[in-house]
Amino acid sequence: MPPVDQAAIEQVFRNEYGRAVAVLVRVFGDIDLAEESVQDAFAVALQRWPSAGMPPSPAGWIITTARNRAVDRLRREASRNDRHAQAQLLHGDHEPAEEVAVPDDRLRLIFTCCHPALAPNVQVALTLRLLGGLSTAEIARAFLVPEPTMAQRLVRAKGKIRAAKIPYRVPGDAELPGRRRAALAVIYLIFNEGYTASSGDRLVREDLCAEAIRLARLLAELMPDEPEVMGLLALLLLTQSRGAARARPDGTLVLLADQDRGRWDRDLIAEGQAIVRACLRRNQPGPYQIQAAINAVHSDAPTAADTDWGQILQLYDQLLQLAPTPVAVLNRAVAVAEVDGPQVALAGLEDLDLDGFYLFHAIRADLLRRLGRDAEAALAYDAAIARTANTAERDFLRSRRQALL
């Protein structure tokens with residue numbers, strides 16, 4: 001076998017970590033044991049593969065090595081008269097020599113991470129850790145907290161799973177809709193944090209975008225008959241297709257209307273649009289599917305002027321029937337401004353309780369600017385600037401405000 005470099009092994013780690021952890025959680029019923037054993041297996045791979053080469057089945061090798069490491073750990077525990085460890089060891093000894101993942105392993109782990117007993121931000125962090133293989137330091141950076149703080153959160157979350165005896169299983173029919181919604185929301189939150197980072201010098205966190213799409217693909221692979229699962233995947237693909245055009249080389253933010261559409265990823269657009277069409281044929285609309293359809297309309301337009309804003313407005317009206325959220329009302333106002341004018345759009349924002357959301361003030365500022373109400377627009381830009389910690393967004397808003405003078 002040809003030798004492999006560290007980068008190739010790290011790619012295997014990213015691709016197979018969640019699968020391996022899920023298998024070991026099923027076999028041994030212990031998240032900490034599973035994580036530690038999989039990490040041990042990859043440490044062994046880093047020692048052996050550069051000279052020995054990558055095995056024919058890297059995932060199988062990692063899982064089998066991790067299982068053997070787990071058995072060794074349990075034997076040491078058993079020697080200290082740990083009955084639980086003895087029981088697990090007996091169970092483990094009857095497993096096949098070559099462990100393989102079954103699809104439900106990762107699905108079970110997703111639903112364990114997204115159990116309603118855990119806070120939403122903890123659900124996101126745990127999903128990134130157990131299924132994404134992100135380090136505690138990487139997750140801490142995404143959440144803008146010190147690494148020790150995130151480490152404590154993850155420890156408490158896993159402790160809560162043990163203490164509350166949260167089952168490692170796919171929920172029953174009665175529980176599934178709510179739990180599926182939580183899993184989709186977690187993946188969507190991960191993508192949103194990557195697509196527009198909540199703070200820092202970079203507009204985009206490419207690693208989080210890629211991880212969210214990978215998790216969405218995984219969920220779509222495991223639940224292909226769920227329209228909203230497919231809708232989320234389409235939404236992420238169509239949104240990500242514009243990624244290369246969202247900023248200039250110097251990092252300056254570029255609005256959708258001003259983007260070079262020649263830089264949009266046509267392969268992602270084709271894949272996302274195909275999924276949207278398949279969802280339309282099912283005729284079981286949901287919020288993610290409708291948002292994907294809105295993005296599909298944008299991706300159909302060769303220029304900003306060709307955008308079918310009337311269709312987008314109809315889709316937002318449909319979205320509000322299913323999910324009447326303030327953010328959906330805010331986004332609808334952008335379409336209203338194109339169809340009925342900025343005055344009508346501005347009137348539709350009067351009752352929204354989104355004062356803490358920078359985009360609310362940014363959209364108001366743009367509508368006021370278009371109406372020639374520059375003094376009010378300047379105040380709205382100030383409010384938006386004060387409510388974002390992302391440098392690229394703040395610089396863009398400042399340039400817009402400066403242009404009013």
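Q47 to Q152: FRET efficiency via 1/(1 + (r/R0)^6), r the Cβ-Cβ distance, R0 41 Å, to the nearest 0.05?
On the way: r = 31 Å, r/R0 = 0.75.
It comes out at approximately 0.85.
Summarise the accessible area of the chain (1.4 Å probe, protein heavy atoms) by the percent that is carbon and sulfur. Please report the intermediate quantities before stating the final value.
Values: 9990 of 19120 Å².
For the chain, the apolar C and S fraction of the accessible surface comes to 52 percent.
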* Relative to the longest principal axis of the C-alpha atoms of the chain, give the angle of the C-alpha long axis of helix 266-282, reported between 0 and 90° and rounded to the nearest 10°. => 90 degrees
* Structure fact -> Using a 1.4 Å probe on heavy atoms of the protein chains only, the accessible area for D355 in Å², nearest 10, reads 80 Å²
* How far is the Cα center of the stretch 244-309 from the Cα center of the stretch 327-389, in Å? -> 22 Å
* **Student exercise, the chain dipole from Lys, Arg, Asp, Glu Cβ charges, in Debye to nearest 20** => 760 debye
* Could you state how much accessible area K160 has, in square angstrom rounded to the nearest 10, with a 1.4 Å probe and all protein chains kept in place? => 100 Å²
* Asked: Computed on alpha carbon atoms, what radius of gyration and Dmax characterise the stretch 245-314, expressed in Å?
  -> 13.5, 44
* To do: Could you grab the relative contact order for the stretch 222-319? Cα pairs under 8 Å, six or more apart, rounded to a whole percent.
  => 34 percent
* **Estimated vicinal HN-Hα couplings, Hz - the stretch 353-364 in sequence order (Karplus 6.51, -1.76, 1.60; Gly, Pro = x)** => 9, 10, 4, x, 9, 4, 5, 4, 6, 5, 5, 4
* Asked: How far, in degrees from 0 to 90, does helix 103-113 lean away from the longest principal axis of the Cα atoms of the chain, to the nearest 10?
  -> 70 degrees
* To do: Given the options V254, V186, V124, state which has the largest fluctuation in a GNM of the chain using a 10 Å cut-off (strictly under) for Cα springs.
  => V254
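What percent do you get for the relative contact order of the chain when only Cα pairs under 8 Å and 6+ apart count?
On the way: 539 pairs, mean separation 42.9, N = 405.
Across the chain, relative contact order equals 11 percent.
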* Three principal axis extents, largest first, for the C-alpha atoms of the chain, in Å? -> 79, 44, 41
* So who's got an amide H within less than 5 Å of the one on A247, skipping anything under 5 residues away but keeping other chains? H placed 1.01 Å off N, in plane. -> V254
* Structure fact -> To the nearest 10 degrees, the tilt of helix 391-402 (Cα long axis) against the first principal axis of the alpha carbons of the chain is 0 degrees
* To do: Counting only C-alpha contacts under 8 Å and six or more residues apart, can you give the relative contact order of the stretch 1-77 as a whole percent?
  => 42 percent
* Going by the alpha-carbon gyration tensor, a ≥ b ≥ c the square roots of its eigenvalues, is the stretch 240-357 rounded (a/c under 1.5) or, if a/c is not under 1.5, prolate (a/b greater than b/c) versus oblate? -> oblate
* Protein-only accessible surface order, largest first, of S37, S51, S198 at 1.4 Å -> S51, S198, S37
* With a point put 7 Å past each Cα toward its Cβ, work out how far E221 is from Q402 in nm, to one decimal. => 4.7 nm
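How large is the accessible surface per residue of the chain, computed with a 1.4 Å probe and reported in Å² as a whole number?
On the way: 19120 Å² over 405 residues.
It amounts to 47 Å² per residue over the chain.
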* To do: State the answer as a single residue: which of A323, F360, A333 lies farthest towards the positive end of the charge dipole of the stretch 318-367, with beta carbon charges of +1 for Lys and Arg and -1 for Asp and Glu, about the Cα centre.
  => A323
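The values are calculated or read from the model by the stated rules, or taken from the named source; none is laboratory data. Bear in mind that the values here come from a model prediction, so they are computed numbers and not experimental data. Ideal geometry is used to build each Cβ from the backbone, glycine not excepted, and the neighbour counts take in all protein chains shown. Calculation scope for accessible area: heavy atoms of the full protein, side chains included, ligands and nucleic acids excluded. Shrake-Rupley method; radii C 1.70, N 1.55, O 1.52, S 1.80 Å.
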